[in-house]
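Written below as structure tokens is the structure these notes are about.
The values are calculated or read from the model by the stated rules, or taken from the named source; none is laboratory data. Note that the coordinates shown come from a computational prediction; the quantities given were computed from them, not determined experimentally. Every residue, glycine among them, receives a Cβ derived from its backbone with ideal geometry; neighbour counts consider all protein chains shown.
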Amino acid sequence: MSESPTTGAAERYRQTLEEMADLVGDLGHTDAMRRWERLVGRLDGERTALEDSDEGRAAITALMGDPRPTVRLWSAAAALSWDPQQARPVLEEIREEPVRYGLHSITAKHTLLEFDAGRWSPGGDLPGSPASGST
């Protein structure tokens, strides 16, 4: 029995998020911007493949409970498009603890501001993230 394309994409999405989490740590800072940008680009492609199916969206949503802030943040930001009631509290928790989450807190804040203003569209760098240029 072979794995479904969604299962493979979900595993690649999780692995990319883990690499991103290792790169920026709990506070969201990195000096390796080229690597970060490559990972974000890869994650965007994987997210796009997953969000077209219920199974794929469920795989992303499940990662909102991960212990690493990068994984929670990026998964919740993606899930805002289909499940804001579940994604928003994850982003709010990160936003409300700047000492604990550093740049992740700023990213969560700007993501919610964009969402609330009706300007949110997932993909690429999140507002306020290391390479986005907006903080």
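Worth a mention:
- One residue from Gly41, Gly65 being in contact (Cβ under 8 Å) with a residue 40 or more places away in the chain and either farther than 18 Å from His104 by Cβ or surrounded by fewer than 18 Cβ atoms within 10 Å (Cβ to Cβ) (or both): Gly41
- The residues of the stretch 111-135 that are at pLDDT 90 or above and closer than 22 Å to Arg38 by Cα amount to a single one, Thr111.
- Candidate set: the stretch 1-32, residues that are β-branched (Val, Ile, Thr) and farther than 19 Å from Ala79 by Cβ; chosen: the one modelled with the lowest pLDDT: Thr30
- Among the residues listed as Leu91, Leu73, the single one being touching a residue at least 12 places away in the same chain (Cβ under 8 Å) and either touching a His at 6+ places or on another chain (Cβ under 8 Å) or on the phi > 0 side of the Ramachandran plot (or both): Leu73
- Checklist (1) within 26 Å of Pro5 (Cβ to Cβ); (2) surrounded by fewer than 18 Cβ atoms within 10 Å (Cβ to Cβ); (3) of a type in the set (Lys, Arg); (4) touching a residue at least 12 places away in the same chain (Cβ under 8 Å) applied to Arg100, failing item: (1)
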